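What follows is a single structure, written as structure tokens, with notes after it.
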Amino acid sequence: MLRSKIAGIGMYVPPHVVSNNDLIQFMDTSDQWIQERTGIKERRYAHRTDETTTTMAVEAAKVAIERAGTKAEEIDFIVFATLSPDYYFPGCAVLLQRAMGMKEIGALDVRNQCSGFIYALSVADQFIKSGMYKNILVIGSEKHSFGLDFSTRGRNVSVIFGDGAGAVVLQPTQNENSGILSTHLHSDGDNAELLAMYNPGTHANHWVKDKLADFDDAAIGEMFMSHSMIDHAQNFPFMDGQAVFKKAVVKFPEVIMEALDANNKKPSDLKLLVPHQANLRISQFVQQKMGLREDQVYNNIDRYGNTTAASVPIALCEAWELGRVSQGDLVCLASFGSGFTWGSALLYW
Ligand code: ACO
């Protein structure tokens, strides 16, 4: 049976390290608060002008392509997941196609936030299994630091996020001990506004007002982006942290078990679970609930913060570089985030 396998993996994080203490100059926070609630010690911020979501993706992609033993000219499709694109439109996939001098191949952008990489991987997996493409580049990349509220007003969100990129090259395999066994994707839009960035957008507050009693509607009916939206911080991400936490700790184990059940596997069969690095407390909760040992779960949020669509490929790449996964190992990737959307992928490395 034809499957798709990760033939090469790469990551890139900007060199600029920002510690929790560095954030104190902008907002009323503390290293202790951030570490206790999130497990984060530091994160990376991209260079303000020289680095973008796409340029970071290019660096990760170069490594993944080389490790896959192929060339940029041989890539026949791109799937690019991000919530922080270089432009509102067009998406980053075409910018990467241009930057890497690729052929006039299909280039698709995925907007599924924290679940973006799993969704992108699932799309690519279907194209490989159908025989349509043979060399797909799948990317998660984020430059969060460009659009966070660094005042005390935005501290509950801003301390969590960091920048970086991860990439994989998917290729077909007939080897039954290798490749993606299944992917599982879900959504529940009931609480779409509880983890969201409303503007720029065309909502004219239709949905937002229903969900958030205290949403300041000074900007109702205003154009795409206005001064009052900016004055009311409506151009920054909003997060109801406790609501996200409560849903995440239910949906993570559910979608991991769905992947294991679909393939007649048990949590104890897993060599490694690579969860989206949302918050260390969420990962620990999932580990405990699923009865996994510490060495069965890979976390690196302490060093990179939450890099949204990039977090799973960055963590998987690091785990592989450290020898935590090797050929034939059973690996589960899982994510949960804005939408809400969540998903998992089970694979033999
Ligand atoms: N530094 C210091 N104090 C802060 C900070 C900060 N950075 N942020 C908030 N506070 C204060 C609040 O103002 C509040 O003060 P008050 O009691 O005087 O009103 C107090 O800390 C508690 O605030 P809460 O928002 O209730 O804090 P909570 O305990 O819920 O922790 C957190 C917030 C860490 C976001 C938590 O809700 C959480 O982990 N949620 C999960 C969400 C998550 O992981 N999101 C990641 C992105 S989404 C994703 O990837 C799935």
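The values are calculated or read from the model by the stated rules, or taken from the named source; none is laboratory data. Because the structure is a prediction, the values reported are computed rather than measured. Neighbour counts run over all protein chains shown; Cβ positions are idealised from the backbone, glycine included. Calculation scope for accessible area: heavy atoms of the full protein, side chains included, ligands and nucleic acids excluded. Shrake-Rupley method; radii C 1.70, N 1.55, O 1.52, S 1.80 Å.
Here are the numbers for the structure shown:
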quantity	calculated
Filtered residues of segment 161-197 (kept if assigned to a loop (DSSP other than H, G, I, E, B), open to solvent by less than 20 Å² (accessible area, probe 1.4 Å) and touching a helix residue (DSSP H, G or I) at 6+ places or on another chain (Cβ under 9 Å))	Gly162, Asp163
Strands (runs of 3 or more DSSP E) within segment 2-52 that include 1 or more residues among the basic types (Lys, Arg) and either away from the ligand (no atom under 14 Å from the Cβ) or farther than 22 Å from Val312 by Cα (or both)	3-12, 42-44
Given (1) surrounded by fewer than 22 Cβ atoms within 10 Å (Cβ to Cβ); (2) polar (S, T, N, Q); (3) within 16 Å of the ligand (Cβ to nearest atom), number of the condition Ser326 does not satisfy	(3)
Pair list, Cβ under 6 Å, 6 or more apart: segment 103-118 residue closer than 19 Å to Val169 by Cβ, other residue open to solvent by 10 Å² or more (accessible area, probe 1.4 Å)	Ile105/Asp76; Ile105/Phe77; Gly106/Phe77; Ala107/Val94; Ala107/Gln97; Asp109/Gly91; Val110/Tyr119; Gly116/Val110
The listed residue being more than 28 Å from Phe285 (Cα to Cα) and modelled with pLDDT under 70, out of Asp217, Asp231	Asp217
Number of the exception - Ser335 against (1) near the ligand (Cβ under 10 Å from one of its atoms); (2) outside any strand (DSSP E or B); (3) open to solvent by less than 10 Å² (accessible area, probe 1.4 Å)	(2)
All positions within segment 53-79 that are within 20 Å of Ser130 (Cβ to Cβ), open to solvent by less than 10 Å² (accessible area, probe 1.4 Å) and either of a type in the set (D, E, K, R) or touching a helix residue (DSSP H, G or I) at 6+ places or on another chain (Cβ under 6 Å) (or both)	Ile78, Val79
Residue match in segment 240-253 (condition: outside any helix (DSSP H, G or I) and either modelled with pLDDT under 95 or within 16 Å of the ligand (Cβ to nearest atom) (or both))	yes
Among (1) open to solvent by 10 Å² or more (accessible area, probe 1.4 Å); (2) within 19 Å of Gln113 (Cβ to Cβ); (3) assigned to a loop (DSSP other than H, G, I, E, B) - the single one Trp342 does not satisfy	(3)
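Residues checked against (1) out of contact with any strand residue (DSSP E or B) (no Cβ under 7 Å at 6 or more places or on another chain); (2) without any contact (Cβ under 8 Å) to a residue 60 or more places away in the chain; (3) not assigned by TED's automatic domain parsing to the domain that holds Arg155:
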residue	(1), (2), (3)
Lys247	yes, no, yes
Ile256	no, no, yes
Asp261	yes, yes, yes
Pro267	yes, yes, yes
Pro275	no, no, yes
Arg281	yes, no, yes
Val286	no, yes, yes
